[in-house]
Amino acid sequence: MKKKNISVTFVLSLSIFSSCLRLDANLFNNDNTIKQYLYDDYKGEVDFILDSSYKIPSSLITEFTLNSQADEENNSTVIYAVYIGDMSKISTDTVIVYNHGTRDHNDFYWQRAKLMANTGWKNRFGVLMIDYRGYGLSQGKPTEEGMYADVTAGLQWLKLKGLSNERLVMYGFSLGSAPTCELAANSGMMTPSKIILEAPFASSAVMVQDAAKLNLPASYFTDLKIDNAEEIKKIKKPFLWMHGIDDSFLSITSHGEIIFKNYSGTNGVPVRITGAEHGTIPQTLGFREYNNTLLNFILK
């Protein structure tokens with residue numbers, strides 16, 4: 001795969017033309033440096049805060065680093081990851097790889113990771129979340145190709161721990177839908193048994209045109225080539241799609257519905273949430289119902 005650098009013009013264009021860019025204001029922008037991960041002690045802005053019943057014991061939270069290297073890179077990049085669950089049970093567990101969105105770093109998505117780790121019951125499934133290069137403590141500069149390499153490094157780590165394809169679930173939120181679709185469709189190293197997309201975008205071209213409200217070629221704004229709507233055509237595994245009907249950043253009509261329509265498998269589950277914006281699906285649906293939706297899909 002040809003390396004694709006992230007265009008600053010793309011970011012500026014989105015910032016100028018979209019009034020709904022709060023969640024994605026730092027798209028592929030590594031200006032979110034932190035000194036350490038704080039998890040439950042993080043005081044920055046988040047989408048929601050779970051009550052104490054969702055708390056994960058420290059013994060089941062493992063922070064570690066991985067070496068990530070894209071095909072055309074000469075050197076590896078150190079990225080940070082966190083595993084929620086019993087490390088000794090990965091070889092016999094079901095694991096959800098959570099590919100987060102564009103905002104900040106793992107601390108911003110910690111509440112979401114905890115919610116996922118409470119699916120069924122606490123730590124019913126393992127959860128792996130990484131910070132793409134340039135996010136949080138992960139080194140390097142963000143690129144599309146680098147993001148795929150970073151998630152691949154996480155998959156490789158799980159494989160070395162004994163996880164099989166049959167017990168791998170990949171989950172992509174917003175930007176995270178790109179590595180989820182790309183690797184589920186094309187990775188020869190590990191193939192998930194099921195995929196989940198929450199508020200995905202159809203392609204970088206549609207994203208730019210939606211944000212800019214201008215009928216101009218996407219290449220004018222960005223050299224990103226992400227096309228989830230095409231990659232989903234290659235995926236036959238069971239697919240759960242969740243999208244807020246009131247998503248004003250990634251329109252359900254021009255993004256989510258296109259992806260679901262293009263899915264060619266036979267086990268597609270659509271969940272359209274009335275009243276949900278781009279980052280409010282869990283709280284709008286309700287945390288318990290959100291968990292039940294995931295549980296029923298994974299166990300089906």
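Going by the conditions given, is Gly162 in contact (Cβ under 8 Å) with a residue 60 or more places away in the chain, surrounded by fewer than 20 Cβ atoms within 10 Å (Cβ to Cβ) and out of contact with any strand residue (DSSP E or B) (no Cβ under 9 Å at 6 or more places or on another chain)?
Numbers: in contact (Cβ under 8 Å) with a residue 60 or more places away in the chain: yes; surrounded by fewer than 20 Cβ atoms within 10 Å (Cβ to Cβ): yes; out of contact with any strand residue (DSSP E or B) (no Cβ under 9 Å at 6 or more places or on another chain): yes.
Judged against the criteria, Gly162 is a match.
Quick one: is Ser254 among the polar types (S, T, N, Q), outside any helix (DSSP H, G or I), within 20 Å of the chain's Cα centre (by Cα) and at pLDDT below 95? Talk me through it step by step, then tell me what you get.
On the way: among the polar types (S, T, N, Q): yes; outside any helix (DSSP H, G or I): no; within 20 Å of the chain's Cα centre (by Cα): yes; at pLDDT below 95: yes.
It is false that Ser254 is among the polar types (S, T, N, Q), outside any helix (DSSP H, G or I), within 20 Å of the chain's Cα centre (by Cα) and at pLDDT below 95.
Got a sec? Which of Pro238, Pro282 is farther than 20 Å from Gly101 by Cβ, buried (at least 16 other Cβ atoms within 10 Å of the Cβ) and modelled with pLDDT of 95 or more?
Values: Pro282 fails: farther than 20 Å from Gly101 by Cβ.
Within the list Pro238, Pro282, the selection yields Pro238.
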* Asked: Taking the stretch 104-134 only, how many residues are of a type in the set (Asp, Glu) and more than 15 Å from the chain's Cα centre (by Cα)?
  -> 0
* What is the number of the single condition among (1) modelled with pLDDT under 95; (2) within 14 Å of Ile196 (Cα to Cα) that Tyr263 does not meet? -> (1)
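Within the stretch 52-82, which residues are surrounded by fewer than 18 Cβ atoms within 10 Å (Cβ to Cβ) and within 17 Å of Arg112 (Cα to Cα)?
Ser52, Ser53, Tyr54, Lys55, Pro57, Ser58, Leu60, Thr62, Glu63
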* Residue identified as farther than 19 Å from Thr191 by Cβ, in contact with a strand residue (DSSP E or B) (Cβ under 7 Å, 6 or more places away or on another chain), among the aromatic types (Phe, Trp, Tyr) and surrounded by 17 or more Cβ atoms within 10 Å (Cβ to Cβ) among Phe260, Phe297 -> Phe260
* To do: Can you work out which of the residues in the stretch 83-110 that are assigned to a helix (DSSP H, G or I) and among the hydroxyl-bearing types (Ser, Thr, Tyr) is surrounded by the fewest Cβ atoms within 10 Å (Cβ to Cβ)?
  => Ser88
* Only one residue in Thr180, Thr143, Thr152 is surrounded by fewer than 24 Cβ atoms within 10 Å (Cβ to Cβ) and modelled with pLDDT of 95 or more. Which one? -> Thr152
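For the stretch 38-56, which residues satisfy the criterion of being aromatic (Phe, Trp, Tyr) and in a loop (DSSP other than H, G, I, E, B)?
Initial filter on the stretch 38-56 (aromatic (Phe, Trp, Tyr)): 39, 42, 48, 54.
Within the stretch 38-56, Tyr42, Phe48 meet the criteria.
For Leu163, state whether it is part of a loop (DSSP other than H, G, I, E, B), among the aliphatic types (A, V, I, L, M) and either over 15 Å from the mean Cα position of the chain (by Cα) or within 26 Å of Lys236 (Cβ to Cβ) (or both).
On the way: part of a loop (DSSP other than H, G, I, E, B): yes; among the aliphatic types (A, V, I, L, M): yes; either over 15 Å from the mean Cα position of the chain (by Cα) or within 26 Å of Lys236 (Cβ to Cβ) (or both): yes.
Spelling it out, Leu163 is indeed part of a loop (DSSP other than H, G, I, E, B), among the aliphatic types (A, V, I, L, M) and either over 15 Å from the mean Cα position of the chain (by Cα) or within 26 Å of Lys236 (Cβ to Cβ) (or both).
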* Asked: Quick one: is Thr119 among the polar types (S, T, N, Q) and at pLDDT below 95?
  -> no
* Asked: Hey, Thr33 hits all of (1) at pLDDT below 90; (2) of a type in the set (Ser, Thr, Tyr); (3) surrounded by 12 or more Cβ atoms within 10 Å (Cβ to Cβ) but one; which does it fall short on?
  -> (3)
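May I ask you to verify whether Tyr171 is closer than 22 Å to Tyr263 by Cβ, part of a strand (DSSP E or B) and not aliphatic (A, V, I, L, M)?
Numbers: closer than 22 Å to Tyr263 by Cβ: yes; part of a strand (DSSP E or B): yes; not aliphatic (A, V, I, L, M): yes.
So Tyr171 fits the description; yes.
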* What number goes with the only condition from (1) modelled with pLDDT of 95 or more; (2) buried (at least 21 other Cβ atoms within 10 Å of the Cβ); (3) more than 28 Å from Phe260 (Cβ to Cβ); (4) not charged (D, E, K, R) that Val127 does not pass? -> (3)
* Asked: Of Ala113, Ala70, which residue is among the small types (Gly, Ala, Ser) and in a helix (DSSP H, G or I)?
  -> Ala113
* Asked: Ser59: assigned to a helix (DSSP H, G or I), farther than 28 Å from Leu160 by Cβ and more than 21 Å from the chain's Cα centre (by Cα), yes or no?
  -> no
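The values are calculated or read from the model by the stated rules, or taken from the named source; none is laboratory data. Fair warning: this is a prediction, and the values are worked out from it, not measured in the lab. Because the Cβ atoms are built from the backbone with ideal geometry, glycine has one as well, and the counts that use them run over all protein chains shown.
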